[in-house]
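Chemist: I have a structure here, written as structure tokens, and I will follow up with some questions on it.
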Amino acid sequence: MVQVSSVIICLAYILGLLFTTVPGSGFWILGSGVIAAMIFRKRRIPHKIPQTKQKGQIQSKSLPSNQQLLPHPRVWLIAGVIGLLASFYLQSRIPVPGANDISKYVPAGNNSNQEQLFIVRGNVTSTPRLTRASKGQFWMEAKQFDEVKNEDNKVAGSKGVSGKLYVTVPLLQATGLYPGTEVAVTGVLYKPKTALNPGAFDFQEYLNLQGAFAGLSGRQTNVLNEDNKDKKWEWWKLRQTIVRTQVAANGVPSGPLLSAIVVGSKAVDIPYDVRDLFIKVGLSHVLSASGFQTSLILAVILSLTQQAKRGTRFILGTIGLIVFVCLTGFDPPVVRATIMGFAALIALLLKRTVKQLSLLLLTATLMLIFHPLWIWDLGFELSFLSTLGLIISVPAITKRLGWLPLTIATLIAVPASAMIWTLPLQLYLFGTIPIYSLLLNIITAPLISVISLGGFLSALLSLVLPSVGSTVAGLLYHPINLLLNIAQFFGNIQFSSFALGTISLLQLISIYILIISVWLVRWWQQRWWFAFGIATALVFIPAWHYTNTLFQVTMLAANGEPVIVIQDQGKITVINAGDEGTGRFTILPFLQQQGVNQIDWAVASDFQDDGNNGWLEILLRLPVKTFYDYSATPDNTLVSSAVQKKLQNTQGAYQALGVGQSINIGTVALQLLNDQLPILQMQIQDKNWLLVGNLKPTELKNLIKGGTLPRSQVLWCPPQILTELVNTLQPEVAITTNADIDPKILSEISQTKTQLLFTGRDGAIQWKPNGQFETFIQTTENKTSAL
């Protein structure tokens, strides 16, 4: 009875945190607790149990098992109150800027491209990392800042500030920095932006959850307390020693990969191509310190101390867990595994058995009491779901695979169980299925175990005898290289990662209800295949219907040029790809969210000098059937040649087009009217779209006088020429990149019938036939309001 009551109370607390995003959710949980108390009050076991006499003995009547499990009504009331308090508790722990937070001194409208410089002084709080842009990144606790006057480089009066800063600096400027270093960084303060495109990374939300509300794009770093480096002992020094030893022995990328397996990816810079490869094929868990490494360490310690006393085994196991969690950092998966491992050591010491399911729930509750924001941490969610799968599903799957040797059956059951419980969440967040993930995890599990054990031994030895540790690390070169080759083999297979599109919250909940039913209900256990079929249908049928009935035009928020994706009942057209960052962080995430695995038509028009570099990034991930190139000019031959080479690898067709040559792709007609300016005209169903490049005033006047600009319902142009084009063409909708336009000009345009939209402010803009133009930011706000 006590156990059931505890489970109800713990679940109420977790649900209270989980549904905080829904306004009033805490009161809904409280109401549910009151209703449950009223319902189960009538079914409660009587306090006086009837007794009967038989042959001189008093015997109690047997009670129905379901009544024995019913907790007291007050338990439901307590659970409801705890759920309500949990929602308030999470709200109170959400980081907010302090009264003197440095984010409040960021000039209005400031961004990392502007030149207003500040000198910020403070302490480095993390080990510098390498970003994709080959810059150094670290966290900094700000203490003081000065404003630099641009006209004479003089410094204004200093101001005392507080707050956490996300700092990026040139790589050489970050070399030699370490946690605790006092620095002065000269650079541009900016406020992070929210996601402007569907599927894009929300940088603002990420920083806010870290307790930071501003960033600093640094130009120069000056160290203020360099003499204190060797005077204080820190865990980061041990991590640095381990990483240096293993990288020196194996080189790159084998060395960083080994270090990531041992101490986690946050302690070492793994090449991003290796990181992306492991994510693509479903081996991302290998790159981070997790419960697997924790369990492996504890298992090795207990195996080596079988002949020792229980107290000795307990002390050595505890030391191993503490050292590992301190070396890797207090990430949720490691903390979860450490708490559960420590509970197992206590059970060993007291000769007690551990109820793993109850322990997992208690661990989650304790962690969320300490840090409630972990409820939204993906590592926390995946760690607990996979562990839940191991506890619940591994025995059942192993039993069904009884015709196989136990070792092989377990090798299959472990990754299969983790995948069953984590895949729905991955589909909800990312919308992709790593096709060969299960097979790859089965194949590489023994290899990863060997590398992990060897890596731990190398790490320990490197702290005592660096030369011996380096030798042991060098012995792992071939196993690590084999792991990389296996991952690359599967990654090079076409459609190794299948984009299905993100599923809805209702689909997610329905699938988990089916999984839980198979776990708890005997009828579903006997018909697990039926549940699997329903779950598959819940995922694939809506995705198929959405893809094959949708006609939608999306203008993504990108810098410098119009980037358009047209979804025409399963046929995909992409017009322009921008630079490398636009291709990787804007177009590909959107296509992945929409479940796109192939581009039918791609159109490149030279709106930017580096406007085709994004295509190279896209072609690495997605095949293109036909590529139309309006930008194949003498100045662009290198990019065009690279595109053609990529297309040959995927058997795609390439066609260079000239000015005035029109093409018909599906229901869309395109024509480049001018390649020097440039101007692109599109006919999409009943709407005429005109995309105009960055014209000089004289060129614009000549075009207007010559009447060569066609009338259009939808206009895209840079903000510098917006007024002239709107007054001349009078479109129904005018789209530009940002709203940094003179208020007087905006007032003049607003008097016309033209609807103004700004991708830099409103986010991506979408249009469907017989519908209005919708902006991503407004749509997201409406969905939040509906919740």
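The values are calculated or read from the model by the stated rules, or taken from the named source; none is laboratory data. Everything numeric here is computed off the predicted structure, so don't read it as measured data. Methodologically, a virtual Cβ is constructed for each residue, glycine included, from the backbone with ideal geometry; neighbour enumeration extends over all protein chains shown. Note: accessible area is taken over every heavy atom of the protein model, side chains too, but ligands, DNA and RNA are not part of it. Shrake-Rupley method; radii C 1.70, N 1.55, O 1.52, S 1.80 Å.
Chemist: Scan the stretch 485-501 and give yes if some residue there is modelled with pLDDT under 95 and within 19 Å of W421 (Cβ to Cβ), otherwise no.
Modeler: Yes.
Chemist: Need pairs with beta-carbon distance below 7 Å; first residue under 17 Å from V335 (Cβ atoms) and within the stretch 348-370, second modelled with pLDDT under 95 and of a type in the set (K, R); sequence gap 6+ or separate chains.
Modeler: T363/R336; M367/R336
Chemist: Tell me, which residue of the stretch 67-107 that is among the hydroxyl-bearing types (S, T, Y) and open to solvent by 20 Å² or more (accessible area, probe 1.4 Å) is nearest to L117 (Cα to Cα)? Working first, answer last.
Modeler: The initial filter retains those residues of the stretch 67-107 that are among the hydroxyl-bearing types (S, T, Y), namely 87, 89, 92, 103, 105.
Okay, now just the ones that are also open to solvent by 20 Å² or more (accessible area, probe 1.4 Å), so 89, 92, 105.
Details: Y89: 39, S92: 34, Y105: 12 Å.
Filtering first and then ranking leaves Y105.
Chemist: Just checking: which of the strands (runs of 3 or more DSSP E) contained wholly in the stretch 506-581 hold 2 or more residues that are in contact with an Asp or Glu (Cβ under 6 Å, 6 or more places away or on another chain)?
Modeler: Those strands (runs of 3 or more DSSP E) span 571-575.
Chemist: Starting from residues that are in contact with a helix residue (DSSP H, G or I) (Cβ under 7 Å, 6 or more places away or on another chain) and without any contact (Cβ under 8 Å) to a residue 24 or more places away in the chain, keep the ones in the stretch 526-545 and report whichever is least open to solvent (accessible area, probe 1.4 Å).
Modeler: My answer is A531.
Chemist: Within the stretch 432-449, work out how many residues are open to solvent by 40 Å² or more (accessible area, probe 1.4 Å) and either out of contact with any helix residue (DSSP H, G or I) (no Cβ under 6 Å at 6 or more places or on another chain) or among the small types (G, A, S) (or both). Before the answer, list the steps.
Modeler: If we filter the stretch 432-449 for residues that are open to solvent by 40 Å² or more (accessible area, probe 1.4 Å), which is where we start, we get 435-436, 438-439, 443, 446.
Within this subset, residues satisfying the condition of being either out of contact with any helix residue (DSSP H, G or I) (no Cβ under 6 Å at 6 or more places or on another chain) or among the small types (G, A, S) (or both) are 435, 439, 443, 446.
Adding up the residues that qualify gives 4.
Chemist: In addition: What's the number of the only condition in (1) without any contact (Cβ under 8 Å) to a residue 40 or more places away in the chain; (2) open to solvent by 50 Å² or more (accessible area, probe 1.4 Å); (3) in contact with a Gly (Cβ under 7 Å, 6 or more places away or on another chain) that K571 fails to meet?
Modeler: (1)
Conditions (1) among the acidic types (D, E); (2) at pLDDT 90 or above; (3) under 30 Å from V148 (Cα atoms), marked per residue:
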{"residue": "G31", "(1), (2), (3)": "no, no, no"}
{"residue": "K42", "(1), (2), (3)": "no, no, no"}
{"residue": "Q59", "(1), (2), (3)": "no, no, no"}
{"residue": "L63", "(1), (2), (3)": "no, no, no"}
{"residue": "L84", "(1), (2), (3)": "no, yes, no"}
{"residue": "S87", "(1), (2), (3)": "no, yes, no"}
{"residue": "S103", "(1), (2), (3)": "no, yes, yes"}
{"residue": "G109", "(1), (2), (3)": "no, no, yes"}
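Chemist: Hey, another quick one. Looking only at the stretch 591-611, decide whether some residue is under 28 Å from the mean Cα position of the chain (by Cα), at pLDDT 95 or above and of a type in the set (G, A, S).
Modeler: So far as the stretch 591-611 goes, no, none of its residues is under 28 Å from the mean Cα position of the chain (by Cα), at pLDDT 95 or above and of a type in the set (G, A, S).
Chemist: For the stretch 450-467, which positions are open to solvent by less than 60 Å² (accessible area, probe 1.4 Å) and not aromatic (F, W, Y)? If you could, list the steps in order and put the result at the bottom.
Modeler: Just the residues of the stretch 450-467 that are open to solvent by less than 60 Å² (accessible area, probe 1.4 Å), to begin with: 451-452, 454-456, 458-459, 461-462.
Result: I451, S452, G454, G455, S458, A459, L461, S462.
Chemist: Still on this structure, please answer the following. Scan the stretch 256-292 for residues that are in a loop (DSSP other than H, G, I, E, B) and out of contact with any Pro (no Cβ under 9 Å at 6 or more places or on another chain) and jot them down. Lay out the reasoning, then the answer.
Modeler: We begin by selecting, within the stretch 256-292, every residue in a loop (DSSP other than H, G, I, E, B); these are 264, 268-271, 282-283, 288-290.
Once the filter is applied, which keeps residues that are in a loop (DSSP other than H, G, I, E, B) and out of contact with any Pro (no Cβ under 9 Å at 6 or more places or on another chain), the stretch 256-292 yields only G264.
Chemist: Being under 27 Å from A543 (Cα atoms), open to solvent by 50 Å² or more (accessible area, probe 1.4 Å) and without any contact (Cβ under 8 Å) to a residue 60 or more places away in the chain is true for just one of L378, L429, L423, L385. Which residue is that?
Modeler: L378
Residue by residue, here is whether (1) assigned to a strand (DSSP E or B); (2) over 30 Å from T554 (Cα atoms); (3) in contact with a Leu (Cβ under 7 Å, 6 or more places away or on another chain); (4) without any contact (Cβ under 8 Å) to a residue 24 or more places away in the chain holds:
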| site | (1), (2), (3), (4) |
| --- | --- |
| L165 | yes, yes, yes, no |
| T168 | yes, yes, no, no |
| Y178 | no, yes, no, no |
| V183 | yes, yes, yes, no |
| G187 | yes, yes, yes, no |
| P192 | no, no, yes, no |
| N197 | no, no, yes, no |
| E205 | no, no, no, yes |
| G218 | yes, yes, no, no |
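Chemist: So which residues in the stretch 336-375 are open to solvent by less than 20 Å² (accessible area, probe 1.4 Å) and either in contact with a strand residue (DSSP E or B) (Cβ under 9 Å, 6 or more places away or on another chain) or within 30 Å of Q240 (Cα to Cα) (or both), if there are any at all? If you could, list the steps in order and put the result at the bottom.
Modeler: Filtering the stretch 336-375 for residues open to solvent by less than 20 Å² (accessible area, probe 1.4 Å) gives 337, 341, 345, 347, 360, 363-365, 367-368, 372, 375.
Within the stretch 336-375, A337, G341, L345, M367 qualify.
Chemist: When the stretch 468-486 is examined, which residues are found to be surrounded by 15 or more Cβ atoms within 10 Å (Cβ to Cβ) and farther than 25 Å from L327 by Cβ?
Modeler: Within the stretch 468-486, just I486 meets the criteria.
Chemist: On to the next question. Working only within the stretch 15-28, note down all residues that are modelled with pLDDT of 85 or more and open to solvent by less than 30 Å² (accessible area, probe 1.4 Å).
Modeler: Correct list: G16, L17.
Chemist: Still on this structure: If you check Q685, Q648, Q671, Q720, which single one turns out to be at pLDDT below 80 and of a type in the set (S, T, N, Q)?
Modeler: Q648
Chemist: Continuing with this model, one more query. Out of A499, A473, A558, A487, report the one residue that is under 30 Å from R239 (Cα atoms), out of contact with any Leu (no Cβ under 6 Å at 6 or more places or on another chain) and in contact (Cβ under 8 Å) with a residue 12 or more places away in the chain. Give the steps one after another, and end with the answer.
Modeler: Values: A499 fails: under 30 Å from R239 (Cα atoms); A558 fails: under 30 Å from R239 (Cα atoms); A487 fails: out of contact with any Leu (no Cβ under 6 Å at 6 or more places or on another chain).
Residue meeting the stated conditions: A473.
Chemist: Still on this model: Being surrounded by 23 or more Cβ atoms within 10 Å (Cβ to Cβ), small (G, A, S) and either on the phi > 0 side of the Ramachandran plot or in contact with a strand residue (DSSP E or B) (Cβ under 8 Å, 6 or more places away or on another chain) (or both) is true for just one of G255, G251, G282, G264. Which residue is that? Working first, answer last.
Modeler: Working: G255 fails: either on the phi > 0 side of the Ramachandran plot or in contact with a strand residue (DSSP E or B) (Cβ under 8 Å, 6 or more places away or on another chain) (or both); G251 fails: surrounded by 23 or more Cβ atoms within 10 Å (Cβ to Cβ); G264 fails: surrounded by 23 or more Cβ atoms within 10 Å (Cβ to Cβ).
Result: G282 is the single residue among G255, G251, G282, G264 that is surrounded by 23 or more Cβ atoms within 10 Å (Cβ to Cβ), small (G, A, S) and either on the phi > 0 side of the Ramachandran plot or in contact with a strand residue (DSSP E or B) (Cβ under 8 Å, 6 or more places away or on another chain) (or both).
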